[in-house]
Amino acid sequence: MASAGNIMAENIYKWRKVSSQKKRELKRMEQMEKGDRKNDYYGNLARRDTRQNNSVDTKESAQGTDEVKFFETIEEEKDEQDEAPPVKATVSNRETLLLIDASAYIFRSYHAMPPLHRADGLPTGALHGVCRLLQSLLLSQLLKGDRPRVVLVFDSKGDNFRHELYPEYKANRGPCPEDLIPQFDLVKEAASAFGILQVEAEGYEADDVIATLSRMALDVGMNVDIMSGDKDLWQLVTPPNADPRLYMVDPLNFSAISHDDVVQKWGVSADKLADLLALAGDASDNIK
(Lines give C-alpha, C1' and ligand atoms only; values in the text may rest on other atoms or scores of the structure.)
Protein backbone atom coordinates (compact mmCIF):
# COMPACT_ATOMS: atom_id res chain seq x y z
CA MET A 1 0.00 0.00 0.00
CA ALA A 2 2.86 2.30 0.88
CA SER A 3 4.43 1.57 -2.50
CA ALA A 4 1.19 2.50 -4.28
CA GLY A 5 1.08 5.71 -2.27
CA ASN A 6 4.64 6.56 -3.30
CA ILE A 7 3.81 5.96 -6.96
CA MET A 8 0.75 8.22 -6.69
CA ALA A 9 2.78 10.94 -5.00
CA GLU A 10 5.46 10.65 -7.69
CA ASN A 11 2.84 10.93 -10.44
CA ILE A 12 1.26 13.95 -8.77
CA TYR A 13 4.69 15.60 -8.58
CA LYS A 14 5.36 14.87 -12.26
CA TRP A 15 1.94 16.22 -13.25
CA ARG A 16 2.52 19.43 -11.27
CA LYS A 17 5.96 19.86 -12.84
CA VAL A 18 4.62 19.36 -16.37
CA SER A 19 1.68 21.66 -15.61
CA SER A 20 4.05 24.35 -14.35
CA GLN A 21 6.26 24.02 -17.43
CA LYS A 22 3.20 24.24 -19.66
CA LYS A 23 2.06 27.44 -17.94
CA ARG A 24 5.51 29.00 -18.33
CA GLU A 25 5.64 28.05 -22.01
CA LEU A 26 2.15 29.43 -22.65
CA LYS A 27 3.14 32.66 -20.91
CA ARG A 28 6.31 32.87 -23.00
CA MET A 29 4.35 32.31 -26.21
CA GLU A 30 1.82 34.93 -25.14
CA GLN A 31 4.61 37.44 -24.55
CA MET A 32 6.16 36.66 -27.94
CA GLU A 33 2.78 37.14 -29.59
CA LYS A 34 2.50 40.54 -27.95
CA GLY A 35 6.08 41.37 -28.89
CA ASP A 36 7.13 41.67 -25.25
CA ARG A 37 10.52 40.54 -23.99
CA LYS A 38 11.28 39.55 -20.43
CA ASN A 39 12.94 42.24 -18.28
CA ASP A 40 12.90 44.81 -21.10
CA TYR A 41 10.35 47.34 -19.88
CA TYR A 42 11.28 50.32 -22.05
CA GLY A 43 11.78 48.13 -25.13
CA ASN A 44 8.35 46.59 -24.57
CA LEU A 45 6.89 50.06 -24.03
CA ALA A 46 8.20 51.39 -27.34
CA ARG A 47 7.12 48.33 -29.33
CA ARG A 48 3.67 48.23 -27.66
CA ASP A 49 2.80 51.88 -28.23
CA THR A 50 4.09 51.79 -31.80
CA ARG A 51 1.82 48.84 -32.53
CA GLN A 52 -1.18 50.59 -31.01
CA ASN A 53 -0.43 53.80 -32.86
CA ASN A 54 -0.16 51.95 -36.17
CA SER A 55 -3.49 50.21 -35.56
CA VAL A 56 -5.42 53.43 -35.08
CA ASP A 57 -6.44 55.86 -37.79
CA THR A 58 -5.26 59.01 -36.02
CA LYS A 59 -7.51 62.00 -36.59
CA GLU A 60 -6.56 65.64 -36.59
CA SER A 61 -7.18 67.34 -33.27
CA ALA A 62 -8.60 70.84 -33.26
CA GLN A 63 -6.81 71.49 -30.02
CA GLY A 64 -3.36 70.63 -31.39
CA THR A 65 -0.65 69.01 -29.35
CA ASP A 66 -0.87 68.94 -25.58
CA GLU A 67 2.29 70.13 -23.89
CA VAL A 68 2.83 67.93 -20.86
CA LYS A 69 4.24 69.49 -17.72
CA PHE A 70 4.18 66.92 -14.93
CA PHE A 71 5.75 67.24 -11.46
CA GLU A 72 7.93 70.10 -12.68
CA THR A 73 7.65 73.31 -14.64
CA ILE A 74 10.19 73.77 -17.40
CA GLU A 75 10.62 77.24 -18.81
CA GLU A 76 11.93 77.22 -22.36
CA GLU A 77 12.90 80.21 -24.46
CA LYS A 78 11.45 79.86 -27.94
CA ASP A 79 12.35 81.80 -31.05
CA GLU A 80 9.04 82.36 -32.83
CA GLN A 81 10.69 82.60 -36.25
CA ASP A 82 12.54 79.29 -35.90
CA GLU A 83 9.75 77.46 -34.09
CA ALA A 84 8.96 74.08 -35.68
CA PRO A 85 5.36 73.17 -36.54
CA PRO A 86 3.54 71.30 -33.75
CA VAL A 87 3.81 67.52 -33.71
CA LYS A 88 0.58 65.62 -33.46
CA ALA A 89 0.31 63.76 -30.14
CA THR A 90 -0.23 60.04 -30.60
CA VAL A 91 0.14 57.06 -28.29
CA SER A 92 3.67 56.33 -29.49
CA ASN A 93 5.08 59.83 -28.95
CA ARG A 94 3.35 60.68 -25.69
CA GLU A 95 5.41 60.57 -22.52
CA THR A 96 4.72 57.61 -20.27
CA LEU A 97 4.47 57.82 -16.50
CA LEU A 98 5.45 54.62 -14.69
CA LEU A 99 3.85 54.24 -11.26
CA ILE A 100 5.30 51.47 -9.08
CA ASP A 101 3.43 49.99 -6.13
CA ALA A 102 6.53 50.17 -3.93
CA SER A 103 5.03 48.80 -0.72
CA ALA A 104 3.77 45.67 -2.48
CA TYR A 105 7.09 45.12 -4.24
CA ILE A 106 9.02 45.46 -0.97
CA PHE A 107 6.91 42.68 0.56
CA ARG A 108 7.35 40.57 -2.58
CA SER A 109 11.13 41.04 -2.45
CA TYR A 110 11.22 40.26 1.26
CA HIS A 111 9.67 36.84 0.70
CA ALA A 112 11.56 36.13 -2.56
CA MET A 113 15.08 37.07 -1.50
CA PRO A 114 17.31 35.17 0.94
CA PRO A 115 17.77 36.68 4.42
CA LEU A 116 20.63 39.02 3.51
CA HIS A 117 22.24 41.27 6.13
CA ARG A 118 24.71 44.12 6.25
CA ALA A 119 27.97 43.74 8.19
CA ASP A 120 26.35 45.33 11.25
CA GLY A 121 23.44 42.88 11.10
CA LEU A 122 20.88 45.19 9.47
CA PRO A 123 18.59 43.13 7.17
CA THR A 124 18.81 44.07 3.49
CA GLY A 125 17.08 41.28 1.51
CA ALA A 126 14.06 43.34 0.43
CA LEU A 127 16.32 46.30 -0.31
CA HIS A 128 18.41 44.19 -2.69
CA GLY A 129 15.26 43.00 -4.47
CA VAL A 130 13.99 46.54 -5.02
CA CYS A 131 17.41 47.80 -6.14
CA ARG A 132 17.62 44.99 -8.69
CA LEU A 133 14.23 46.09 -10.04
CA LEU A 134 15.30 49.74 -10.27
CA GLN A 135 18.58 48.83 -11.95
CA SER A 136 16.91 46.63 -14.55
CA LEU A 137 14.35 49.36 -15.21
CA LEU A 138 16.42 52.50 -15.18
CA LEU A 139 20.15 51.92 -15.49
CA SER A 140 20.29 51.75 -19.29
CA GLN A 141 18.04 54.82 -19.58
CA LEU A 142 20.13 56.83 -17.13
CA LEU A 143 23.36 55.86 -18.90
CA LYS A 144 21.86 57.18 -22.16
CA GLY A 145 21.11 60.48 -20.44
CA ASP A 146 17.36 59.98 -20.40
CA ARG A 147 15.23 60.90 -17.42
CA PRO A 148 12.43 58.34 -17.08
CA ARG A 149 9.18 59.49 -15.50
CA VAL A 150 8.98 57.02 -12.61
CA VAL A 151 7.25 57.36 -9.24
CA LEU A 152 7.44 54.98 -6.29
CA VAL A 153 4.17 54.99 -4.34
CA PHE A 154 3.99 53.81 -0.72
CA ASP A 155 1.23 52.89 1.69
CA SER A 156 0.90 55.32 4.57
CA LYS A 157 1.70 54.03 8.04
CA GLY A 158 -1.13 52.92 10.32
CA ASP A 159 -4.84 52.74 9.60
CA ASN A 160 -6.50 54.40 6.62
CA PHE A 161 -9.99 55.66 5.84
CA ARG A 162 -11.20 52.12 5.08
CA HIS A 163 -10.74 51.14 8.72
CA GLU A 164 -13.20 53.89 9.66
CA LEU A 165 -15.76 52.39 7.27
CA TYR A 166 -15.05 48.79 8.23
CA PRO A 167 -12.97 48.22 11.41
CA GLU A 168 -12.29 44.58 10.44
CA TYR A 169 -10.57 45.62 7.21
CA LYS A 170 -7.42 43.46 6.81
CA ALA A 171 -7.85 42.24 10.39
CA ASN A 172 -6.82 38.77 9.21
CA ARG A 173 -3.31 39.95 8.37
CA GLY A 174 -0.44 39.71 10.79
CA PRO A 175 1.93 42.56 11.67
CA CYS A 176 4.78 43.55 9.40
CA PRO A 177 7.87 41.34 10.02
CA GLU A 178 10.29 43.06 12.38
CA ASP A 179 13.28 42.58 10.08
CA LEU A 180 11.38 44.20 7.21
CA ILE A 181 10.39 47.41 9.01
CA PRO A 182 13.83 49.12 8.83
CA GLN A 183 14.15 48.30 5.13
CA PHE A 184 11.38 50.69 4.09
CA ASP A 185 13.58 53.69 4.90
CA LEU A 186 16.54 52.02 3.18
CA VAL A 187 14.46 51.59 0.03
CA LYS A 188 13.49 55.26 0.12
CA GLU A 189 17.17 56.23 0.47
CA ALA A 190 18.06 54.04 -2.50
CA ALA A 191 15.24 55.52 -4.58
CA SER A 192 16.51 59.01 -3.78
CA ALA A 193 19.98 57.95 -4.95
CA PHE A 194 18.41 56.87 -8.26
CA GLY A 195 16.65 60.26 -8.44
CA ILE A 196 13.19 58.71 -8.26
CA LEU A 197 10.25 60.63 -6.84
CA GLN A 198 8.42 58.96 -3.92
CA VAL A 199 4.84 59.66 -2.91
CA GLU A 200 2.61 58.62 -0.03
CA ALA A 201 -0.52 60.21 1.40
CA GLU A 202 -1.50 59.97 5.04
CA GLY A 203 -4.63 57.88 5.54
CA TYR A 204 -4.46 56.27 2.08
CA GLU A 205 -3.01 53.15 0.55
CA ALA A 206 -0.62 53.07 -2.38
CA ASP A 207 -3.33 52.00 -4.84
CA ASP A 208 -5.46 55.04 -3.88
CA VAL A 209 -2.55 57.35 -4.69
CA ILE A 210 -1.73 55.43 -7.87
CA ALA A 211 -5.31 55.79 -9.10
CA THR A 212 -5.25 59.54 -8.39
CA LEU A 213 -1.91 60.12 -10.13
CA SER A 214 -3.07 58.00 -13.07
CA ARG A 215 -6.14 60.15 -13.56
CA MET A 216 -4.05 63.33 -13.35
CA ALA A 217 -1.53 62.02 -15.89
CA LEU A 218 -4.18 60.90 -18.38
CA ASP A 219 -5.91 64.26 -18.06
CA VAL A 220 -2.74 66.09 -19.16
CA GLY A 221 -2.12 63.69 -22.06
CA MET A 222 0.39 61.21 -20.66
CA ASN A 223 0.30 57.46 -21.10
CA VAL A 224 0.40 55.54 -17.82
CA ASP A 225 1.89 52.19 -16.83
CA ILE A 226 1.18 50.76 -13.37
CA MET A 227 3.61 48.16 -12.09
CA SER A 228 1.72 46.20 -9.47
CA GLY A 229 0.25 42.79 -8.80
CA ASP A 230 -2.84 44.29 -7.16
CA LYS A 231 -5.94 43.09 -9.03
CA ASP A 232 -7.95 46.09 -7.77
CA LEU A 233 -5.91 48.34 -10.06
CA TRP A 234 -6.94 46.42 -13.18
CA GLN A 235 -10.15 48.46 -13.24
CA LEU A 236 -8.05 51.46 -14.35
CA VAL A 237 -6.94 49.85 -17.63
CA THR A 238 -8.26 51.88 -20.57
CA PRO A 239 -10.34 50.42 -23.44
CA PRO A 240 -8.64 49.30 -26.68
CA ASN A 241 -7.13 52.09 -28.80
CA ALA A 242 -7.57 54.68 -26.05
CA ASP A 243 -5.27 57.68 -26.46
CA PRO A 244 -3.72 58.40 -24.02
CA ARG A 245 -3.81 54.88 -22.60
CA LEU A 246 -3.19 53.03 -19.33
CA TYR A 247 -1.78 49.52 -18.95
CA MET A 248 -0.85 47.36 -16.00
CA VAL A 249 2.68 45.93 -16.06
CA ASP A 250 3.59 42.56 -14.56
CA PRO A 251 6.39 43.23 -12.02
CA LEU A 252 7.90 39.79 -12.66
CA ASN A 253 8.58 40.03 -16.40
CA PHE A 254 7.51 43.57 -17.39
CA SER A 255 4.85 42.32 -19.80
CA ALA A 256 1.81 44.52 -20.37
CA ILE A 257 -1.72 43.78 -19.18
CA SER A 258 -4.16 45.35 -21.61
CA HIS A 259 -7.94 45.61 -21.66
CA ASP A 260 -8.15 42.35 -23.60
CA ASP A 261 -6.25 40.63 -20.78
CA VAL A 262 -8.71 42.02 -18.23
CA VAL A 263 -11.68 40.64 -20.18
CA GLN A 264 -9.95 37.30 -20.71
CA LYS A 265 -9.20 36.84 -17.00
CA TRP A 266 -12.34 38.29 -15.42
CA GLY A 267 -14.97 38.03 -18.12
CA VAL A 268 -15.96 41.69 -17.81
CA SER A 269 -14.60 44.98 -19.08
CA ALA A 270 -12.31 47.02 -16.84
CA ASP A 271 -15.01 49.57 -15.98
CA LYS A 272 -17.18 46.77 -14.52
CA LEU A 273 -14.41 45.04 -12.60
CA ALA A 274 -15.05 47.02 -9.41
CA ASP A 275 -18.66 45.78 -9.33
CA LEU A 276 -17.52 42.20 -9.85
CA LEU A 277 -14.93 42.38 -7.06
CA ALA A 278 -17.46 44.02 -4.73
CA LEU A 279 -19.89 41.15 -5.28
CA ALA A 280 -17.19 38.49 -4.94
CA GLY A 281 -15.52 39.96 -1.84
CA ASP A 282 -11.82 39.71 -1.06
CA ALA A 283 -10.65 37.21 1.54
CA SER A 284 -7.14 38.71 1.55
CA ASP A 285 -8.62 42.00 2.81
CA ASN A 286 -11.05 40.20 5.16
CA ILE A 287 -13.99 41.35 3.04
CA LYS A 288 -16.56 38.57 2.70
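The values are calculated or read from the model by the stated rules, or taken from the named source; none is laboratory data. Bear in mind the structure is a predicted one, so any value in this text is a computation, not a measurement. Counting neighbours? That spans all protein chains shown, and the Cβs are built from the backbone with ideal geometry, glycine included. Keep in mind that these areas ignore ligands, DNA and RNA; they rest on the heavy atoms of the full protein, side chains included. Shrake-Rupley method; radii C 1.70, N 1.55, O 1.52, S 1.80 Å.
Among the residues of segment 167-186, which ones are under 24 Å from the mean Cα position of the chain (by Cα), surrounded by 16 or more Cβ atoms within 10 Å (Cβ to Cβ) and closer than 15 Å to Leu122 by Cβ? Spell out the reasoning first.
Looking only at segment 167-186, we keep the residues that are under 24 Å from the mean Cα position of the chain (by Cα), and these are 169-170, 173, 176-177, 180-186.
So of that shortlist, the ones also surrounded by 16 or more Cβ atoms within 10 Å (Cβ to Cβ) come out as 169-170, 180, 183-184, 186.
Matches in segment 167-186: Leu180, Gln183, Phe184, Leu186.
Looking only at residues in segment 149-166 that are open to solvent by less than 80 Å² (accessible area, probe 1.4 Å) and out of contact with any strand residue (DSSP E or B) (no Cβ under 8 Å at 6 or more places or on another chain), which one is nearest to Leu138 (Cα to Cα)? Let's see the steps before the verdict.
Keep residues of segment 149-166 that are open to solvent by less than 80 Å² (accessible area, probe 1.4 Å), which gives 149-156, 158, 160-163.
From what's left, out of contact with any strand residue (DSSP E or B) (no Cβ under 8 Å at 6 or more places or on another chain): 155-156, 158, 160-163.
Details: Asp155: 23, Ser156: 25, Gly158: 31, Asn160: 32, Phe161: 34, Arg162: 34, His163: 36 Å.
That would be Asp155.
Restricting the search to segment 259-280, which residues are open to solvent by 60 Å² or more (accessible area, probe 1.4 Å), acidic (Asp, Glu) and under 15 Å from Pro239 (Cα atoms)?
Scanning segment 259-280 gives Asp260, Asp271.
Among the helices (runs of 4 or more DSSP H) confined wholly to segment 102-202, which include 1 or more residues that are more than 22 Å from Asn223 (Cα to Cα) and among the aromatic types (Phe, Trp, Tyr)?
Helices (runs of 4 or more DSSP H) meeting the threshold: 102-112, 161-165, 181-194.
Ala256 - would you say it is more than 18 Å from Ile106 (Cβ to Cβ), open to solvent by less than 30 Å² (accessible area, probe 1.4 Å) and not β-branched (Val, Ile, Thr)?
Yes, satisfied.
Quick one: Ala242 ticks every box in (1) open to solvent by 40 Å² or more (accessible area, probe 1.4 Å); (2) without any contact (Cβ under 8 Å) to a residue 24 or more places away in the chain bar one, so which box is it?
That leaves (1) as the condition not met.
Only residues in segment 252-272 that are within 16 Å of Ile226 (Cβ to Cβ) count as the first member; pair them with residues that are open to solvent by 30 Å² or more (accessible area, probe 1.4 Å) and of a type in the set (Lys, Arg), Cβ under 6 angstrom, at least 6 apart or cross-chain, and list the lot.
The qualifying pairs are Asn253/Lys38.
So how many residues does segment 100-135 have that are surrounded by fewer than 20 Cβ atoms within 10 Å (Cβ to Cβ) and aromatic (Phe, Trp, Tyr)?
Residues meeting the conditions: 1.
Take the residues in segment 187-220 that are farther than 14 Å from Val153 by Cβ, open to solvent by 30 Å² or more (accessible area, probe 1.4 Å) and in contact (Cβ under 8 Å) with a residue 60 or more places away in the chain, then tell me which one is farthest from the chain's Cα centre (by Cα). Walk me through it before giving the result.
Keep residues of segment 187-220 that are farther than 14 Å from Val153 by Cβ, which gives 189-190, 192-195, 203, 218-220.
Subset that is open to solvent by 30 Å² or more (accessible area, probe 1.4 Å): 189, 192-195, 219-220.
Narrowing the set further to residues that are in contact (Cβ under 8 Å) with a residue 60 or more places away in the chain leaves 194, 220.
Numbers: Phe194: 18, Val220: 20 Å.
Top of the filtered list is Val220.
Which pairs turn up if I take residues in segment 138-149 that are among the aliphatic types (A, V, I, L, M) and look for partners that are surrounded by 15 or more Cβ atoms within 10 Å (Cβ to Cβ) and assigned to a helix (DSSP H, G or I) with beta carbon separation below 7 Å, at least 6 apart in sequence or on another chain?
What qualifies is Leu138/Phe194.
Quick check: anything in segment 260-280 within 22 Å of Ala104 (Cα to Cα) and outside any helix (DSSP H, G or I)?
no
Can you give me the number of residues within segment 136-148 that are closer than 29 Å to Tyr204 by Cβ and open to solvent by 40 Å² or more (accessible area, probe 1.4 Å)?
Within segment 136-148, residues that are closer than 29 Å to Tyr204 by Cβ and open to solvent by 40 Å² or more (accessible area, probe 1.4 Å) number 2.
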